[in-house]
Amino acid sequence: MLAGLGEAALEQLEGLMSVDTPEWQSEFARTIAARGREEGREEGREEGREEALVQSILSVLNARGLTVPDSARERIENCRDVPTLETWVERAVTVAGPEDLFT
């Protein structure tokens, strides 16, 4: 079927079928794609913030010469609540031991 088309028609068809250009997308599709990209960036920022807070807590405890038991390290590393992590960073500066972060 394609063999019967002229070169100009083939180029036109290839242009219509191309997926590497946004022209084929509707306004709705562009809006949804943009929203997905933004949500992805926000998730990435939030995960980065969580990781930075976790590292801050562990660094402060380490700098103070406190040994962090595996159970405390696991609890800190698995926490995904930014306000809680922020509180733990503040507490890490003054607690007697890592277990005291959680009280």
Self-check item: Extended-chain gain in nm, criterion 0.36 nm per residue less alpha-carbon gap, ARG49 and PHE102
Solution: 17.1 nm
Quiz item: FRET efficiency for ASP70 and ARG41, Cβ-Cβ distance as r, R0 = 35 Å, nearest 0.05?
Solution: 0.55
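A short reminder: the numbers here are calculations on the coordinates, not readings from a lab. Note that the structure is a prediction, hence the values are computed from the model and not measured. Note: ideal-geometry Cβ built from the backbone for every residue, glycine included; neighbour counts use all protein chains shown.
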